[in-house]
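What follows is a short report on a single structure.
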Amino acid sequence: MQTVFTVSTDGPGLIEFTPDVARWLVREGAGDGLLTLFVRHTSCSLLVQENADPDVQRDLYAYLSRLVPPADDPSMTYLRHTLEGPDDMPAHIKAALLPVSLSIPVSGGKIMLGTWQGIYLFEHRAHPHRRQVAAHFS
């Protein structure tokens, strides 16, 4: 079975959509198998990450912002792909460093995440977007 999740973003940061995935699996009567998620964009990523302390998401965002600053930062003058704004090429770099797909086991229709884990879309662009995440369960 397959579906597409739409995740709305307000700009850069991590957006958890674990409950949407869990509801879909229950609604479809999923049993045991493997869930594959794939983000259909080149300037955002997918992560399994801690969902208990929001400081984790803030720190991840801060770290990646320091690692890959905007194109108008003096350290990024080598970039050529700048027509779509100073956040665009750095977003592509971040998406190249982080996963764009995830494989997660499912048992009895439940995602086998750890106690403090959630599924996140990591938005790397400065403006709001509606991102599509394709899901396949088998």
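Just so it is clear, none of the values below were taken in a lab; they were calculated from the coordinates. Just so it is clear, the structure is predicted and the values come from calculations on it, not from any experiment. Note that we place each Cβ from the backbone using ideal geometry, even for glycine, and neighbour counts take in every protein chain shown.
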task: Answer yes or no: is there a residue in region 2-17 that is crowded, with 16+ Cβ neighbours inside 10 Å and of a type in the set (S, T, N, Q).
output: yes
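Looking at G85, G108, which one is loosely packed, with under 15 Cβ neighbours inside 10 Å and either in contact with a Leu (Cβ under 6 Å, 6 or more places away or on another chain) or touching a residue at least 40 places away in the same chain (Cβ under 8 Å) (or both)?
Being loosely packed, with under 15 Cβ neighbours inside 10 Å and either in contact with a Leu (Cβ under 6 Å, 6 or more places away or on another chain) or touching a residue at least 40 places away in the same chain (Cβ under 8 Å) (or both) holds for just one of G85, G108, which is G108.
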- request: Consider T36 carefully, then state whether it is under 22 Å from V133 (Cα atoms) and surrounded by 11 or more Cβ atoms within 10 Å (Cβ to Cβ).
  value: yes
- request: Note down all Cβ pairs under 6 Å where the first residue falls in region 1-20 and is over 22 Å from L64 (Cα atoms), the second is β-branched (V, I, T), and they're at least six residues apart or on different chains.
  value: F5/V133; T18/I119
Residue satisfying all of: in region 115-138; basic (K, R) and outside any loop (DSSP other than H, G, I, E, B); farthest from A22 (Cα to Cα) among these: R130
message: Can you go through H124, H81 and tell me which one is within 30 Å of Q2 (Cα to Cα) and of a type outside the set (D, E, K, R)?
response: H124
query: Do we have A71 as farther than 18 Å from D20 by Cβ and either more than 16 Å from the chain's Cα centre (by Cα) or exposed (fewer than 11 other Cβ atoms within 10 Å of the Cβ) (or both) here?
result: yes
